[in-house]
Amino acid sequence: MPSGKAASHDGATNPKAILGLLAASFAFLVLFTSSAVPIPLYSEYRASIGLTDAAISVAMVSYLIGVCGVLFVAGSVSDAIGYRAAAVIGLLLGIGGCLLFPRSKVFPCYLRRAFFKAFPAV
């Protein structure tokens, strides 16, 4: 039988929980922002890597395939391993995509970067 006391929500006022929420929010903000960084750089990619419009389109399709793949799989994976673990894995894969960004001097590396950037976007 309920005791009549309001449920305690210590996590809402716990400074450590608030700091964790802010850190996670900042990490996702940085990763989402970094997924849009290449858009104004496409003309630079054309000049430095020699990408064509078709190659850039293929890279964007690679990103979309990654997003769709994660959408199909992420729910089951997060149910199996937990939401926190799934979020950490997504963040790590997104960081991997960010680390590939300066190394995108050849088209296959550019494709991998676009694919891995899709993981935290879901």
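Ordered by 1.4 Å accessible area with all protein chains kept, Cys98, Cys68, Cys109 run largest first as Cys68, Cys98, Cys109.
The phi-based Karplus calculation (6.51 cos²θ - 1.76 cosθ + 1.60; θ = phi - 60°) puts the 3J(HN,Hα) values of region 39-52 at 4, x, 8, 4, 5, 5, 5, 4, 6, 7, 9, x, 6, 9 Hz, whole numbers, x for Gly and Pro.
Placing Phe119, Phe72 in order of accessible area, with the largest value first and a 1.4 Å probe, yields Phe72, Phe119.
Positive contributions from Lys and Arg (+1) and negative ones from Asp and Glu (-1), summed over other residues with Cβ under 15 Å from the Cβ of Ile65, come out at +3. For region 83-122, the per residue solvent-accessible surface stands at 57 Å², with DNA, RNA and ligands left out and a 1.4 Å probe.
The values are calculated or read from the model by the stated rules, or taken from the named source; none is laboratory data. The structure displayed is predicted, hence computed values, not measured ones. Cβ: placed from backbone, ideal geometry, glycine included. Neighbour counts: every protein chain shown. The area values use the complete protein model at the heavy-atom level, side chains included, leaving out ligands, DNA and RNA. Shrake-Rupley method; radii C 1.70, N 1.55, O 1.52, S 1.80 Å.
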